[in-house]
Amino acid sequence: MAAGPPLGTPAPDFTLPGGVLSGPSAPGDTFERADYTLSAARGRALVLAFYPGDNTSVCTKQLCSYSSGMETFEGLDAEVWGISPQGVDSHESFARTYGLRMPLLADEGREIAKAYGVAAPGIGVRRAVFLIGPDGVLRWKHVALLGATFQSLSTLADQLSGIKTA
């Protein structure tokens, strides 16, 4: 298994198709599709949450937790992007079903998962979180071996606070 990028180095850049719910109500009425480019997100901290699949129990709990904590992330001047191998249509259905408020990106060929060292035979993608500083440098990461648990909102907020003061 590839180890992925080391901490303190620039995060591998990418562009992936995805979408996000938007609109006056939560969940938003519109699913806005777009291409998301990592380097274009510079200037704010970014949480990349790799997850194995839409509509699976642990992934649903994880993304619902992050979605309900969006104000916490925004208060730390951070964005959250979810990345999994399903297509954008699957992501739209998943986001609408659970009112998820972060962009969900489609890494159908798992090329980005490979670049980050989280592609896994059999399961597709390991559950992993990468925190990228506003300068595009990888500051913190957690890669799950089994993926039955996920990093909590409070853990991520603590790590993001550390990035902001570094």
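Can you tell me which residue among 24, 5, 10 is at pLDDT 95 or above, over 16 Å from residue 150 (Cβ atoms) and either open to solvent by less than 40 Å² (accessible area, probe 1.4 Å) or not charged (D, E, K, R) (or both)?
Numbers: 24 fails: at pLDDT 95 or above; 5 fails: at pLDDT 95 or above.
From the options 24, 5, 10, the qualifying one is 10.
Quick one: residue 123 ticks every box in (1) modelled with pLDDT of 90 or more; (2) out of contact with any strand residue (DSSP E or B) (no Cβ under 6 Å at 6 or more places or on another chain); (3) aliphatic (A, V, I, L, M) bar one, so which box is it?
(1)
With respect to residue 46, determine if the residue is within 16 Å of residue 131 (Cβ to Cβ) and surrounded by 13 or more Cβ atoms within 10 Å (Cβ to Cβ).
So residue 46 fits the description; yes.
Restricting attention to the range 34-49, which residues are part of a strand (DSSP E or B) and either touching a Gly at 6+ places or on another chain (Cβ under 8 Å) or within 16 Å of residue 160 (Cα to Cα) (or both)? Spell out the reasoning first.
Pass one, the range 34-49, residues part of a strand (DSSP E or B): 34-37, 45-49.
Matches in the range 34-49: 34, 35, 36, 45, 46, 47, 48, 49.
For the range 107-143, what are the residues that are closer than 17 Å to residue 10 by Cβ and among the hydrophobic types (A, V, I, L, M, F, W, C)?
Matches in the range 107-143: 112, 115, 130, 131, 132, 137, 138, 140.
Kindly provide the set of residues from the range 85-110 that are at negative phi, touching a residue at least 24 places away in the same chain (Cβ under 8 Å) and among the charged types (D, E, K, R), ordered by number.
Result: 92, 96, 101, 107.
Give me the pairs, please: first residue somewhere in the range 66-84 and farther than 17 Å from residue 104 by Cα, second residue anywhere and not aliphatic (A, V, I, L, M), beta-carbon distance under 6 Å, and either six or more positions apart or on two chains.
77/44
The values are calculated or read from the model by the stated rules, or taken from the named source; none is laboratory data. Because the structure is a prediction, the values reported are computed rather than measured. Ideal geometry is used to build each Cβ from the backbone, glycine not excepted, and the neighbour counts take in all protein chains shown. In case anyone asks, the SASA skips ligands and DNA or RNA and just uses the protein heavy atoms, side chains included. Shrake-Rupley method; radii C 1.70, N 1.55, O 1.52, S 1.80 Å.
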